[in-house]
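One structure below.
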Amino acid sequence: MDQQGIIEGEPPRRPLARRTMLWAVLVMCGALLVATLSEAWTRSGVDAQMAAAQARNAALRQDVVATQHAVQQAQSPDAIEREARAWGYIRPGDHPVLVVPGR
């Protein structure tokens, strides 16, 4: 037996504790690295989806504006009268004139 009370031939326990602690720290660092990379990958996917949704929204806004403009034009009195006359309607008091090509 030596001075510290350890039997000869038995490995000291201090380096084993250090190795175990080192491995535990390495495992935790690895887990944190994997979690960080996973989060970054997920965020980039979400950012891409958000950019695509914003592009679709912008296109839909333009479509809504164009449709509102077309509705306003179609509801004007001139446009309504033009369409009605194209369908053969006449105003009360108008006298239709039929033009028959000569023979």
Exercise for the section: Determine the pairs where a residue that is touching a residue at least 12 places away in the same chain (Cβ under 8 Å), located within segment 76-95, has a partner that is of a type outside the set (Val, Ile, Thr) with Cβ atoms under 8 Å apart, the partner being 6 or more residues away or on another chain. Expected result: none
Problem - Odd one out for Asp78 among (1) in a helix (DSSP H, G or I); (2) surrounded by 10 or more Cβ atoms within 10 Å (Cβ to Cβ); (3) at pLDDT below 95 - result: (2)
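Of all residues in segment 81-103, which are surrounded by fewer than 10 Cβ atoms within 10 Å (Cβ to Cβ) and of a type outside the set (A, V, I, L, M, F, W, C)?
Step one: list which residues in segment 81-103 are surrounded by fewer than 10 Cβ atoms within 10 Å (Cβ to Cβ), which gives 86-88, 91-103.
Residues satisfying the conditions are Gly88, Arg91, Pro92, Gly93, Asp94, His95, Pro96, Pro101, Gly102, Arg103.
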Exercise for the section: Output the qualifying pairs, or none if there are none: Cβ atoms under 9 angstrom, residues six or more apart or on different chains, first residue in segment 12-41 and in a helix (DSSP H, G or I), second residue at pLDDT below 95. Expected result: Arg13/Ile6
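The values are calculated or read from the model by the stated rules, or taken from the named source; none is laboratory data. These numbers were taken from a predicted model, which means no experiment stands behind them. Cβ sites come from the backbone with ideal geometry, for glycine too, and all protein chains shown count toward neighbours.
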